[in-house]
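> Submitted below is the structure of interest, expressed as structure tokens.
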């Protein structure tokens, strides 16, 4: 900091510091306080709480006009203002109750604990799980690759791979080589 400019100093990160005296509640050990915090307290007509942060809307740390400052209740809320996602719940907005998109009739809060929007109840999946008996029927007495099985079941390959893994553990399907499976119930 420069001693020639007593009273108002711009620190290396671009924040403006104002000389307020060492006894001021926002001052540092030298008696300076951040101007944006002083302006925010004037706007709110109260002291800032311990965890409250002040956001510069135009991200110019030297622009401390009241119209450019947004007091935020927490660091999480402050970071959300910097986030690129536009679908997150706005700070202070209500969290409405909605119906699950799978039409099961279950209701839940639209936004989760991280304020991300949801369409389905946790654990619900819009895709119906292929039935294991159909998978066994598709295999028949042949040895097939999991991608072919997935195509015949009209299911994602990853989901079919998980089903095959479970059926291998139960002994209903045998893995003959990498990615290829055959029915474990048929001898030979």
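The values are calculated or read from the model by the stated rules, or taken from the named source; none is laboratory data. Remember, it's a predicted structure, so these values are computed and weren't measured experimentally. Using ideal geometry, Cβ is built from the backbone for each residue, glycine included, and neighbour counts are taken over all protein chains shown.
> On the basis of being surrounded by 10 or more Cβ atoms within 10 Å (Cβ to Cβ) and either touching a residue at least 12 places away in the same chain (Cβ under 8 Å) or not assigned by TED's automatic domain parsing to the domain that holds residue 121 (or both), does residue 99 make the cut?
Details: surrounded by 10 or more Cβ atoms within 10 Å (Cβ to Cβ): yes; either touching a residue at least 12 places away in the same chain (Cβ under 8 Å) or not assigned by TED's automatic domain parsing to the domain that holds residue 121 (or both): no.
No.
> Looking at the stretch 162-178 only, could you name the residues that are surrounded by fewer than 16 Cβ atoms within 10 Å (Cβ to Cβ) and within 34 Å of the chain's Cα centre (by Cα)? First the steps, then the outcome.
In the first step, residues of the stretch 162-178 are kept if they are surrounded by fewer than 16 Cβ atoms within 10 Å (Cβ to Cβ); the result is 162, 165-166, 168-171, 176-178.
The answer is 162, 165, 166.
> Hey, among 53, 81, which residue is surrounded by 11 or more Cβ atoms within 10 Å (Cβ to Cβ) and in contact with a helix residue (DSSP H, G or I) (Cβ under 8 Å, 6 or more places away or on another chain)? Walk me through it before giving the result.
Numbers: 81 fails: in contact with a helix residue (DSSP H, G or I) (Cβ under 8 Å, 6 or more places away or on another chain).
Testing whether each residue is surrounded by 11 or more Cβ atoms within 10 Å (Cβ to Cβ) and in contact with a helix residue (DSSP H, G or I) (Cβ under 8 Å, 6 or more places away or on another chain) leaves just 53.
> Something else: Which residues, taken from the stretch 44-73, are out of contact with any strand residue (DSSP E or B) (no Cβ under 7 Å at 6 or more places or on another chain) and closer than 18 Å to residue 12 by Cα?
59, 60, 61
> For residue 107, which of the numbered conditions (1) in contact with a strand residue (DSSP E or B) (Cβ under 7 Å, 6 or more places away or on another chain); (2) closer than 30 Å to residue 48 by Cα fails to hold?
(2)
So that you can scan it fast, the table gives a plain yes or no per residue for (1) under 30 Å from residue 48 (Cα atoms); (2) touching a residue at least 12 places away in the same chain (Cβ under 8 Å):
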residue: 74; (1), (2): yes, yes
residue: 89; (1), (2): yes, yes
residue: 93; (1), (2): yes, no
residue: 120; (1), (2): no, yes
residue: 136; (1), (2): no, yes
residue: 148; (1), (2): no, no
residue: 159; (1), (2): no, yes
residue: 165; (1), (2): no, no
residue: 169; (1), (2): no, no
